[in-house]
Amino acid sequence: MCLAVPGKVVAIDASADPLSGLIDFGGVRKQACLEYVPDVRVGEYVIVHVGFALQRLDEESALASLKLFEELGLLEEEFGDAWEQAAKEAGTAAVAEHQDSGSDAR
Amino acid sequence: MKYIDEFNDPDLARRLLDEIRATATRPWALMEVCGGQTHSIIRHGIDQLLPEQVELIHGPGCPVCVTPLEIIDKALEIASRPGVIFCSFGDMLRVPGTDRDLFRVKGEGGDVRVVYSPLDALELARSNPDREVVFFAIGFETTAPANAMAVHQARRLGLANFSLLVSHVRVPPAIEAIMSAPACRVQGFLAAGHVCSVMGTAEYPELAERFGVPLVVTGFEPLDILEGIRRAVRQLESGEHRVENAYARAVREDGNPAAVRMIEEVFEVTDRSWRGIGRIPSSGWRLTDAFRAFDAEHRFDVTRIRTEEPAECRSGDVLQGLIKPTECSAFGTTCTPRTPLGATMVSSEGACAAYYLYRRMNAPTPQATRAAREEMNPVA
Ligand code: SF4
């Protein structure tokens, strides 16, 4: 979770408090807080960490990083089902009822 | 050159390597601070592509790895309580406490939930007014603006059932501690790019000056890392020790001022213990008095925790760059991602996990790498 992942701003919700927007991370879309990059525009790339955009990034670098993170398996780690992954690592069946685990609470 | 064809731009990688080779006339030891960089280095075999004179030492830059056992045990204790919803990032689930982990606590009936952002935890507090929602606020400077915003919002919304279990760490004091250690061999740093995206580089010139080390702010892609190494070696060879920004596309000198302001409103600098390393002065953040009501350690009585580290685990030495993971006798035998003894084998950014995943038992064949990868992540 320490890595910040680049993504493309596809929508901005100006009425949200704090300011938020929809970010596309190579196919996976998630809401992120834009309060720290308040003048960002739709179509620009930002570096997002734990749901917060921290800086802008140019498109070329963003796409290169996304490719790398995918190769490293880090996108799966960041956006996949953490309970399933933990269960796999533990060599046990997934803990029941992880559906309500809140990972999609927003 | 084993992995070089997998580089984004193999020709540029070759040129950078040639230049590093031509520049380095003496042995130099550089530390990459960030765990993400460690993974990128091992995955692409950068350490093996470098000329013999240039050695990379892996640093402590993985927040999951350095979260102290005592805090993990406090998290397990709070998460076990009835009425509590305990929220954490997914990569904390399997970090071993003294006798179990969060994954197990969930299996035993604790309400442990994985969130992607601290704002998700805040939302849970809003929608569950009759429950105590505790968020495990770990991380470096990169994570701090998010956690600061969450607690700031909680106060604004008057959410009395939300709190943070805080274990925040800061990079510059860790660099200072590493350089001050008698056994330190580090002569230059690749500073963590995303930490600097938030904080800027203002804290570094003083360190470069005091310890006479080049600090090159570096990104995560293999080419970024080679470029960082190239610049650090060039400085070392010419007897310089400056701060250089090799990741300017994401790092401004003043970082992100709005994020820094929010951190300073909510947190104050404090001493922190780092798992396996021990106490480092001024190396962390805690909530200021104004936000004390949102501190889980105040809200829950967790003073009777007794912790015990597994004796075999040498993650402290790994995190300080004193040994490589493969020098630990438990590596790959009693300690694997399935049966981890230390957090450095669990975390997605841990050095032991990187070696296990990409270079199992020092046998960097593509087959071994693939086998290890499949074992850790069968769907990949
Ligand atoms: S291999 Fe396992 S036991 Fe050894 S230092 Fe790494 S985490 Fe600790």
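The table that follows gives values for the structure above.
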{"read-out": "Test set (1) farther than 29 Å from B:E6 by Cα; (2) in contact (Cβ under 8 Å) with a residue 24 or more places away in the chain; (3) within 13 Å of another protein chain (Cβ to nearest Cβ) - B:R156 fails condition number", "value": "(2)"}
{"read-out": "Given (1) among the β-branched types (V, I, T); (2) surrounded by fewer than 22 Cβ atoms within 10 Å (Cβ to Cβ); (3) not in a loop (DSSP other than H, G, I, E, B), number of the condition B:V186 does not satisfy", "value": "(3)"}
{"read-out": "Residue count, region A:69-90 (criterion: facing chain B (nearest Cβ under 7 Å), free of Cβ contacts under 8 Å to residues at least 60 places away in the same chain and either within 17 Å of B:A250 (Cβ to Cβ) or not in a helix (DSSP H, G or I) (or both))", "value": "2"}
{"read-out": "Residue match in region B:270-278 (condition: touching a Leu at 6+ places or on another chain (Cβ under 9 Å), among the small types (G, A, S) and within 14 Å of another protein chain (Cβ to nearest Cβ))", "value": "no"}
{"read-out": "Qualifying positions in region B:43-62 - facing chain A (nearest Cβ under 10 Å) and either farther than 24 Å from B:N8 by Cα or buried (at least 24 other Cβ atoms within 10 Å of the Cβ) (or both)", "value": "B:H44, B:G61, B:C62"}
{"read-out": "Residue within region B:348-368 that is in contact with a Pro (Cβ under 9 Å, 6 or more places away or on another chain), in a loop (DSSP other than H, G, I, E, B) and either within 14 Å of chain A (Cβ to nearest Cβ) or at pLDDT below 85 (or both) present", "value": "yes"}
{"read-out": "Any chance B:I78 is assigned to a helix (DSSP H, G or I), crowded, with 24+ Cβ neighbours inside 10 Å, of a type outside the set (S, T, N, Q) and more than 10 Å from chain A (Cβ to nearest Cβ)", "value": "no"}
{"read-out": "Filtered residues of region B:316-347 (kept if more than 7 Å from the ligand (Cβ to nearest atom), under 20 Å from the mean Cα position of the chain (by Cα), outside any loop (DSSP other than H, G, I, E, B) and farther than 21 Å from B:T98 by Cα)", "value": "B:T326"}
{"read-out": "Residue selected from region B:348-358 under the condition more than 9 Å from the ligand (Cβ to nearest atom) and of a type in the set (S, T, Y), by the criterion surrounded by the most Cβ atoms within 10 Å (Cβ to Cβ)", "value": "B:S348"}
{"read-out": "Residues (part of a loop (DSSP other than H, G, I, E, B) and under 24 Å from B:P82 (Cβ atoms)) located in region B:112-160", "value": "B:V115, B:N128, B:P129, B:D130, B:R131, B:L159, B:A160"}
{"read-out": "Qualifying residues in region B:129-140 (those that are more than 10 Å from chain A (Cβ to nearest Cβ) and not hydrophobic (A, V, I, L, M, F, W, C)) - the one farthest from B:N256 (Cα to Cα)", "value": "B:D130"}
{"read-out": "Positions within region B:200-221 being of a type in the set (D, E), closer than 17 Å to B:E253 by Cβ and in contact with a helix residue (DSSP H, G or I) (Cβ under 6 Å, 6 or more places away or on another chain), in sequence order", "value": "B:E203"}
{"read-out": "Scope region B:211-253; condition without any contact (Cβ under 8 Å) to a residue 24 or more places away in the chain and in a helix (DSSP H, G or I); matching residues", "value": "B:R231"}
{"read-out": "Breaking point among (1) touching a helix residue (DSSP H, G or I) at 6+ places or on another chain (Cβ under 6 Å); (2) among the acidic types (D, E); (3) modelled with pLDDT under 95, for B:D224", "value": "(1)"}
{"read-out": "Subset of region B:298-315 (residues that are in a loop (DSSP other than H, G, I, E, B) and either near the ligand (Cβ under 9 Å from one of its atoms) or of a type in the set (G, A, S) (or both))", "value": "B:P310, B:A311, B:E312, B:C313, B:R314"}
{"read-out": "Strands (runs of 3 or more DSSP E) within region A:1-68 that include 2 or more residues hydrophobic (A, V, I, L, M, F, W, C) and more than 7 Å from every other protein chain (Cβ to nearest Cβ)", "value": "A:5-13, A:20-25, A:28-33, A:45-49"}
{"read-out": "Test: B:A177 is among the aliphatic types (A, V, I, L, M) and in a helix (DSSP H, G or I)", "value": "yes"}
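For every residue, the table says whether it meets (1) over 22 Å from B:T344 (Cα atoms); (2) within 11 Å of chain A (Cβ to nearest Cβ); (3) in contact with a Lys or Arg (Cβ under 8 Å, 6 or more places away or on another chain); (4) modelled with pLDDT of 95 or more.
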site	(1), (2), (3), (4)
B:C65	no, yes, yes, no
B:V84	yes, no, yes, yes
B:F89	no, yes, no, no
B:T98	no, no, yes, no
B:S117	yes, yes, yes, no
B:S127	yes, yes, no, yes
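The values are calculated or read from the model by the stated rules, or taken from the named source; none is laboratory data. Keep in mind the model is a prediction, meaning the values are calculated, not measured. Here Cβ is always computed from backbone atoms with ideal geometry, including for glycine, and neighbour counts include all displayed protein chains.
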